[in-house]
Each structure stands twice: as structure tokens, then as C-alpha cells.
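The block underneath contains the structure these notes are about, expressed in C-alpha cells.
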Amino acid sequence: MRRMILAGLMILFPVMAGAQGWSTPERGSALRADLMDALRPMVEWELGAPVEFVIHDLRVAGDRAFAMLEAQRPGGQPINMWATPMVQRGTFDPELIDTPHIEVFWRKSGRMWAAVHWAIGATDVWYQYEPICAEYGALIPEVCAGLYR
């Protein structure tokens, strides 16, 4: 069920981009690299290094950003979840997910981006939550619309 909801959101998100006040940084842009570089150390702590990201959706508006990603090893190699540091530490059950998908919210502070809310392998839409919607609702209106107004 979660996979169907995510698939629907990934189809809907790009369609709505033109009508919203956010944009998607171009592939190869400095902004796109800055966002991924801000997230990478935290994801590598959990999944092991090195990781690359497959970006399914990336939105930026002012000093806020949101993305739906999937982590992989360089060259497109899948990540063996059973061998990740987070599983080895006993902080994650790899049977809960099919792939290491990630949802992340960033905030810009000065000249740097910081990943402030993120999850690997979430099994629900954890960001459909009043404090997240209050701060990032403009980036995810299809998730937050009408919930907390």
C-alpha cells in the first residue's frame, strides 16, 4: 500500500510543479549538489559509504527544500541492507523495506543547507504532520493541503 501511495505522489509531484511556488534544480547544478552533499554524511552513517542518490522529486523554495530519493552504491549498485551500519547496530529491521528510499527536508542557514528532517525506509507518510506542514507545506501542498489551516 505504501509503495502505491509513493508511486502516486511521485507522479503527481512533477505535474504540480508548474502551479506552485517551488522549482527543481537542474541536474548538475551547484544547488542540487549542495543539497545532496548536506544529506550524504548522515545517510552514509546509516547505510555505509559511499552512496549516490537517485532523485525522484526535488523541490526548492527560498531557504527550504524537499526531496524523495533512493540511495544506491556508485554505478547503480543496490545497497545490501543487511550489511548496513544501521542494521549491524540493531537500529533498523531490513525486512521492513524493499529499497532504501529517503524523504528529506532541508533548511538553508547562511550559505549552507542542512538536512533537518529525514527518514530512510519509512513505511508511512511521516511528514504529513502539523509541524512539518507548518514549515514546509508550500513544498508539499498535496500532502498538507487542508490538514492544518
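The values are calculated or read from the model by the stated rules, or taken from the named source; none is laboratory data. Because the structure is a prediction, the values reported are computed rather than measured. Note: ideal-geometry Cβ built from the backbone for every residue, glycine included; neighbour counts use all protein chains shown.
Among the conditions (1) more than 17 Å from GLN20 (Cβ to Cβ); (2) exposed (fewer than 13 other Cβ atoms within 10 Å of the Cβ); (3) at pLDDT 95 or above, LEU47 misses just one, which is (2).
Looking across region 63-98 at every residue that is charged (D, E, K, R) and under 18 Å from the mean Cα position of the chain (by Cα), the one that is farthest from SER109 (Cα to Cα) is identified as ASP98.
Every residue, every condition in (1) among the β-branched types (Val, Ile, Thr); (2) modelled with pLDDT of 95 or more; (3) in a helix (DSSP H, G or I), yes or no:
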| position | (1), (2), (3) |
| --- | --- |
| VAL15 | yes, no, yes |
| GLY18 | no, no, yes |
| GLY28 | no, yes, no |
| MET36 | no, yes, yes |
| LEU39 | no, yes, yes |
| VAL43 | yes, yes, yes |
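Within region 78-86, none of the residues are more than 18 Å from VAL51 (Cα to Cα), hydrophobic (A, V, I, L, M, F, W, C) and surrounded by 12 or more Cβ atoms within 10 Å (Cβ to Cβ).
Is region 50-59 home to any residue that is at negative phi, assigned to a loop (DSSP other than H, G, I, E, B) and modelled with pLDDT under 95? Show your work before the answer.
First, the residues of region 50-59 that are at negative phi: 50-59.
Applying the additional criterion that residues be assigned to a loop (DSSP other than H, G, I, E, B) yields 50-51.
Narrowing further to those that are modelled with pLDDT under 95: none.
No; the residues of region 50-59 include none that is at negative phi, assigned to a loop (DSSP other than H, G, I, E, B) and modelled with pLDDT under 95.
Report, by residue number, each residue of region 31-50 that is acidic (Asp, Glu) and closer than 15 Å to TRP82 by Cα. Spell out how you get there, then give the answer.
Let us first name the residues in region 31-50 that are acidic (Asp, Glu), namely 34, 37, 44, 46.
Within region 31-50, GLU44, GLU46 qualify.
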